[in-house]
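Engineer: Structure below; questions to follow.
The values are calculated or read from the model by the stated rules, or taken from the named source; none is laboratory data. This is a predicted model, so every value here is computed, not measured. Ideal geometry is used to build each Cβ from the backbone, glycine not excepted, and the neighbour counts take in all protein chains shown.
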Amino acid sequence: MKVLYDHQIFSIQIYGGISRYFVELMKNYESDDEIEYKLSLEYSNNYYLKELNHLSYNTFFENYSFKGKYRLLNLLNILNNKVSKKYISKGDYDIFHPTYYNPYFLNYLNNKPFVLTIHDMIHEIYPEVFSSKDRTREWKRLLARKAAKIIAVSENTKKDIIKFLNITECKIEVVYHGNPFDIYSSHNNLNTILPKKYVLFVGSRRGYKNFNLFIEAIPTLLAEDSELYIVCAGGGKFTKLEIEKFKNLNIINKIFYYLVNDTLLINLHKKALAFVFPSLYEGFGIPVLEAFACKCPVIVGNTSSLPEVAGDAAVYFDPTDKSSMLNSIQKVIYNDELKKQLINKGTERVKEFTWGKTADKTKKIYEEVI
């Protein structure tokens, strides 16, 4: 069986959950004699692609920053698009699996089937977060209707697909992600200078990620505990508006930002009192598995797919209620016995999510479609 993946997400992301997902699929298929994959790609600076053994592509000034680089990267995306169209038109594959939602390929498939993975319905639930020029909702709806099968990354996402896109349930299969840190969890600690006591926030801080409410909930705790800090990992450096907010809340000296790779992120988890995830909506919630894998206690909002993924291995709060959030944080970070229980449960819970399972279930969907 031959599967063709396209360039889309690898032209957009250097790091990110979606590109990691597709790389993990391809990594698993490299050792599977029954499946052969190709990736229609000429240029990419994606971090995870380096883990693939059977792939040839070019990077573009990967370790250099200069004015106009991102405009040039957009031109490379156009080149990747042309390369993909050639691969797709050639038809040397049994099934096509686009890596994002641009429908550019529809006129080149020549009746070949395609499978679409829908990672979340954030564009539909929080349209105000995105530019009026963003066509993701329109494209996703079009591709969902034309796809032979849809893969949803959680039962909650499946429900949202049915609700917002009016897709029949029988067309959708739920396939969970795996643990992102499977091969990294044995890394030695780094000599990174960190606060002795901190709670960890990971990833984007925009809109529905609910960082603002989290920051508004915690100043009294930071004031009461002079040794406690907040560490933010990834998501971009603090903006001027964020810094101004920290000053107004009198926490500017109690919060730190780190640009992270996987190794540093693991160490941030390992040394944290807890990982706090106040997001209002997640299609799956990979950061929860990351925390479990690193033996970090998890405190998370009781919304969307998060209870589905975290199970009984987390302490939950109402992500719209500052008091609920604060109480949950206090409940965990000052209770060593509870932290041990959460770590033990998380260690068991994360074993249920492997990329091997993800790849096997995805392969069965390909076979069913063919």
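Engineer: Where in region 98-215 are the helices (runs of 4 or more DSSP H), entirely inside, with at least 1 residues that are in contact with a His (Cβ under 8 Å, 6 or more places away or on another chain) and among the β-branched types (Val, Ile, Thr)? Can you show your working first?
Structural biologist: Details: elements: 122-125, 136-146, 155-165.
Output list reads 136-146, 155-165.
Engineer: Just to be sure, is residue 60 surrounded by fewer than 16 Cβ atoms within 10 Å (Cβ to Cβ), hydrophobic (A, V, I, L, M, F, W, C), modelled with pLDDT under 90 and closer than 28 Å to residue 286 by Cβ? Explain how you work it out, then say what you get.
Structural biologist: Values: surrounded by fewer than 16 Cβ atoms within 10 Å (Cβ to Cβ): yes; hydrophobic (A, V, I, L, M, F, W, C): yes; modelled with pLDDT under 90: yes; closer than 28 Å to residue 286 by Cβ: yes.
Taking the combined requirement at face value, the residue satisfies it.
Engineer: Does residue 239 count as of a type in the set (Val, Ile, Thr), surrounded by fewer than 21 Cβ atoms within 10 Å (Cβ to Cβ) and closer than 19 Å to residue 180 by Cβ? Can you show your working first?
Structural biologist: Working: of a type in the set (Val, Ile, Thr): yes; surrounded by fewer than 21 Cβ atoms within 10 Å (Cβ to Cβ): yes; closer than 19 Å to residue 180 by Cβ: no.
Criteria not met by residue 239.
Engineer: Do any residues in region 47-62 that are hydroxyl-bearing (Ser, Thr, Tyr) have Cβ atoms under 6 Å from those of residues that are at pLDDT 85 or above, where the two are at least six apart or on different chains, and which pairs are they?
Structural biologist: Going by the 6 Å Cβ cut-off, the qualifying pairs are 48/19; 48/20; 48/23; 57/41; 57/44; 59/45.
Engineer: Which of the residues belonging to region 218-229 are within 15 Å of residue 334 (Cα to Cα) and without any contact (Cβ under 8 Å) to a residue 40 or more places away in the chain?
Structural biologist: 222, 224, 225, 226, 227, 229, listed by residue number.
Engineer: Conditions first: (1) modelled with pLDDT of 95 or more; (2) among the aliphatic types (A, V, I, L, M); (3) closer than 30 Å to residue 333 by Cβ. Residue 193 passes all but one, so which condition is the exception?
Structural biologist: Residue 193 satisfies every listed condition except (1).
Engineer: From the list 96, 130, pick out the single residue that is within 26 Å of residue 45 (Cα to Cα), surrounded by fewer than 16 Cβ atoms within 10 Å (Cβ to Cβ), aromatic (Phe, Trp, Tyr) and under 24 Å from the mean Cα position of the chain (by Cα).
Structural biologist: On the way: 96 fails: surrounded by fewer than 16 Cβ atoms within 10 Å (Cβ to Cβ).
So the residue among 96, 130 that is within 26 Å of residue 45 (Cα to Cα), surrounded by fewer than 16 Cβ atoms within 10 Å (Cβ to Cβ), aromatic (Phe, Trp, Tyr) and under 24 Å from the mean Cα position of the chain (by Cα) is 130.
Engineer: Here's another thing I want to ask about it. Could you please find all residues in region 133-159 being free of Cβ contacts under 8 Å to residues at least 60 places away in the same chain and over 21 Å from residue 8 (Cα atoms)?
Structural biologist: 158, 159
Let's see how each residue does on (1) of a type in the set (D, E, K, R); (2) closer than 18 Å to residue 177 by Cβ:
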site: 268; (1), (2): no, no
site: 272; (1), (2): no, no
site: 309; (1), (2): no, yes
site: 346; (1), (2): no, yes
site: 349; (1), (2): yes, yes
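Engineer: Quickly run through region 261-276 and pick out the residues that are charged (D, E, K, R) and farther than 26 Å from residue 302 by Cβ. Talk me through it step by step, then tell me what you get.
Structural biologist: Restricting attention to region 261-276, the residues satisfying the condition of being charged (D, E, K, R) are 262, 270-271.
Residues satisfying the conditions are 262, 271.
Engineer: Would you call residue 208 of a type outside the set (D, E, K, R), touching a helix residue (DSSP H, G or I) at 6+ places or on another chain (Cβ under 8 Å) and over 25 Å from residue 129 (Cβ atoms)? Spell out how you get there, then give the answer.
Structural biologist: Values: of a type outside the set (D, E, K, R): yes; touching a helix residue (DSSP H, G or I) at 6+ places or on another chain (Cβ under 8 Å): yes; over 25 Å from residue 129 (Cβ atoms): no.
In short, no.
Engineer: To continue, here is another question. Considering 284, 275, which residue is farther than 17 Å from residue 212 by Cβ, touching a Cys at 6+ places or on another chain (Cβ under 7 Å) and either in a loop (DSSP other than H, G, I, E, B) or modelled with pLDDT of 95 or more (or both)? Can you show your working first?
Structural biologist: On the way: 284 fails: touching a Cys at 6+ places or on another chain (Cβ under 7 Å).
The unique qualifying residue is 275.
Engineer: Which of the helices (runs of 4 or more DSSP H) contained wholly in region 312-370 include at least 3 residues that are free of Cβ contacts under 8 Å to residues at least 60 places away in the same chain? Give the steps one after another, and end with the answer.
Structural biologist: Values: elements: 322-333, 336-349, 355-369.
Of the helices (runs of 4 or more DSSP H) lying wholly inside region 312-370, those with at least 3 residues that are free of Cβ contacts under 8 Å to residues at least 60 places away in the same chain span 322-333, 336-349.
Engineer: Starting from residues that are of a type in the set (Ser, Thr, Tyr) and touching a residue at least 40 places away in the same chain (Cβ under 8 Å), keep the ones in region 293-311 and report whichever is nearest to residue 217 (Cα to Cα). First the steps, then the outcome.
Structural biologist: To start, the set of residues in region 293-311 that are of a type in the set (Ser, Thr, Tyr) comprises 303-305.
Now restrict to residues that are touching a residue at least 40 places away in the same chain (Cβ under 8 Å): 304-305.
Details: 304: 21, 305: 23 Å.
The extreme case among them is 304.
Matching residues to (1) closer than 18 Å to residue 275 by Cβ; (2) of a type outside the set (Phe, Trp, Tyr); (3) in contact with a strand residue (DSSP E or B) (Cβ under 6 Å, 6 or more places away or on another chain):
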| position | (1), (2), (3) |
| --- | --- |
| 333 | yes, yes, yes |
| 350 | yes, yes, no |
| 356 | no, yes, no |
| 359 | no, yes, no |
| 364 | no, yes, no |
| 368 | no, yes, no |
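Engineer: Go through (1) among the aliphatic types (A, V, I, L, M); (2) within 19 Å of residue 358 (Cβ to Cβ); (3) at pLDDT 95 or above for residue 167 and report which single condition fails.
Structural biologist: Evaluating residue 167 over (1) among the aliphatic types (A, V, I, L, M); (2) within 19 Å of residue 358 (Cβ to Cβ); (3) at pLDDT 95 or above leaves (2) as the failure.
Engineer: Could you list all residues from region 237-258 that are out of contact with any helix residue (DSSP H, G or I) (no Cβ under 8 Å at 6 or more places or on another chain) and not in a helix (DSSP H, G or I)? Explain how you work it out, then say what you get.
Structural biologist: Kept after step one, since they are out of contact with any helix residue (DSSP H, G or I) (no Cβ under 8 Å at 6 or more places or on another chain), are these residues of region 237-258: 237, 239-244, 247-248, 253, 256-257.
Listed by number, the residues that qualify are 237, 239, 253, 256, 257.
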